[in-house]
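The structure appears right after this line, and notes come after that.
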Amino acid sequence: MTVEADDLAARVEDAATPRPVPWAGPVARLRASTTLRRLVPTPVALAGLDLAVRASIRLRPERLARASAAMAAVVGGTPLEAELPALAARHLAAWPRAWETTWRPWAVRRLPIVGLEGVRAVEPGRGVVFSRTHYGVPAGLASLPRSVGPIHLGVGGHLLSDAAPGYDGYQNEQIRHLLTTSGWRLVRARGSRELFAEVLRSGGRVQLNLDVPGSTPVRFLGKTVEMAGGTARLAWDTDSVVVPAAVLRRGRGWVGHLDAPIDPRDHPTWESLLQAVADVHSRLVLTAPEYLESPLRDGGWAVATGDGWRAR
């Protein structure tokens, strides 16, 4: 089945037009300034962030308790469970550190990507589902379409709606701008399955998040997690390969990592395919688990502990 590019484009919402961010004071604007960051070397900025996090723990110890609960849910049942106290403190610093790179678009666009040869070796005409988790640098794979071609990306409505006021709005705008100027085609995730299936059957590429609450029990990070099965179902139904992707720590920086493609033809069921994808992401996340967004986040799992995550 071939889908005309113009037909698909007509059904992708306009994401390239900037969304003006309502003013919420100078502090939020300075925190979101890319110009200011050109004057501050990254190591200096990261050192300052670490100091701020340590100060916040002393002033608000309940933040460390929440981070401990999040990391207990992530590493419970894994060999890293013994490192929980250190991981909790690092988790508080991980999100600001990851975002510091996102606020430096010149650094994001220079991030090396390894594993491209696996994608390029996929049989011509077959679709590719890039599978990610909420891990590492937001928009850290922004440059990927320049190497593999346009990618349709399922996103939350916050990236396609009017910008929220203040810092949250600036964050959303930064991600949206990085992606749309690099060849990503943003699609509202809810109700996107039919469009994504057409893209894949035409030999195109999509990206979906794996770590989304759902009804399918999967072994993930050493425990049973109730996860959405859309990634595997879509790949199974369209005979598309799945490429687990992540932005991983490498020394003092980051690298875009594309794991070996997983072929649904090698699995008896879509559930088996989903488990194979989850196994790869478990391995990738555990290289630095503090960078996984908390499963207790808004919109996350109703219950998430070291024994398992329940969607409801």
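The set of residues in the range 202-239 being without any contact (Cβ under 8 Å) to a residue 24 or more places away in the chain and either in a helix (DSSP H, G or I) or touching a Gly at 6+ places or on another chain (Cβ under 6 Å) (or both) consists of Ala228 alone.
The residues of the range 248-296 that are outside any strand (DSSP E or B), aromatic (Phe, Trp, Tyr) and under 26 Å from Glu83 (Cβ atoms) amount to a single one, Tyr291.
Taking (1) more than 29 Å from Glu81 (Cα to Cα); (2) open to solvent by 10 Å² or more (accessible area, probe 1.4 Å); (3) of a type outside the set (A, V, I, L, M, F, W, C) in turn, Thr224 satisfies each apart from (1). Could you say which residue among His152, His134, His177 is surrounded by 19 or more Cβ atoms within 10 Å (Cβ to Cβ) and modelled with pLDDT of 90 or more? Step by step, each of His152, His134, His177 is checked, and only His152 is surrounded by 19 or more Cβ atoms within 10 Å (Cβ to Cβ) and modelled with pLDDT of 90 or more. For the residues Asp279, Asp266, Asp298, the requirement of being open to solvent by 50 Å² or more (accessible area, probe 1.4 Å), closer than 18 Å to Gly76 by Cβ and not hydroxyl-bearing (Ser, Thr, Tyr) singles out Asp279.
Restricting to the range 22-39, give me the number of residues that are open to solvent by 60 Å² or more (accessible area, probe 1.4 Å), of a type outside the set (A, V, I, L, M) and more than 24 Å from the chain's Cα centre (by Cα). Number of matching residues: 5. The condition (being in a helix (DSSP H, G or I), open to solvent by 10 Å² or more (accessible area, probe 1.4 Å) and among the hydroxyl-bearing types (Ser, Thr, Tyr)) is satisfied by just one residue among Ser143, Ser147: Ser147. When the range 52-94 is filtered for residues that are in contact with a helix residue (DSSP H, G or I) (Cβ under 8 Å, 6 or more places away or on another chain), under 22 Å from Leu296 (Cβ atoms) and open to solvent by 50 Å² or more (accessible area, probe 1.4 Å), the ones remaining, listed by number, are Arg63, Leu64, Glu81, Glu83, Pro85, Arg90. Close contacts from the range 183-201, counting a first residue that is in a helix (DSSP H, G or I) and a second that is open to solvent by less than 50 Å² (accessible area, probe 1.4 Å) and among the polar types (S, T, N, Q), with Cβ to Cβ under 6 Å and a gap of 6+ residues or different chains, come to Ala197/Thr238; Leu200/Thr238; Leu200/Ser240; Arg201/Thr238.
Let's see how each residue does on (1) under 15 Å from the mean Cα position of the chain (by Cα); (2) part of a helix (DSSP H, G or I); (3) under 24 Å from Glu290 (Cα atoms):
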| site | (1), (2), (3) |
| --- | --- |
| Thr101 | yes, yes, yes |
| Arg126 | no, no, no |
| His152 | yes, no, no |
| Ala164 | no, no, no |
| Gln171 | yes, yes, yes |
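Residues of the range 40-51 that are closer than 19 Å to Pro85 by Cα and open to solvent by less than 50 Å² (accessible area, probe 1.4 Å): Asp50 alone. Does the range 284-291 contain any residue that is of a type in the set (Val, Ile, Thr), in contact with a strand residue (DSSP E or B) (Cβ under 8 Å, 6 or more places away or on another chain) and open to solvent by 40 Å² or more (accessible area, probe 1.4 Å)? Checking the range 284-291: at least one residue is of a type in the set (Val, Ile, Thr), in contact with a strand residue (DSSP E or B) (Cβ under 8 Å, 6 or more places away or on another chain) and open to solvent by 40 Å² or more (accessible area, probe 1.4 Å). The one condition from (1) open to solvent by less than 20 Å² (accessible area, probe 1.4 Å); (2) under 15 Å from the mean Cα position of the chain (by Cα) that Ala235 does not meet is (2). Name the residue that is nearest to Arg63 (Cα to Cα), counting only residues in the range 95-126 that are in contact with a strand residue (DSSP E or B) (Cβ under 7 Å, 6 or more places away or on another chain) and either β-branched (Val, Ile, Thr) or surrounded by 21 or more Cβ atoms within 10 Å (Cβ to Cβ) (or both). So the residue we want is Thr101.
The values are calculated or read from the model by the stated rules, or taken from the named source; none is laboratory data. The structure presented is a predicted model; accordingly, all values stated were derived computationally and were not measured. Cβ sites come from the backbone with ideal geometry, for glycine too, and all protein chains shown count toward neighbours. Surface accessibility is based on the protein's heavy atoms, side chains included, excluding ligands, DNA and RNA. Shrake-Rupley method; radii C 1.70, N 1.55, O 1.52, S 1.80 Å.
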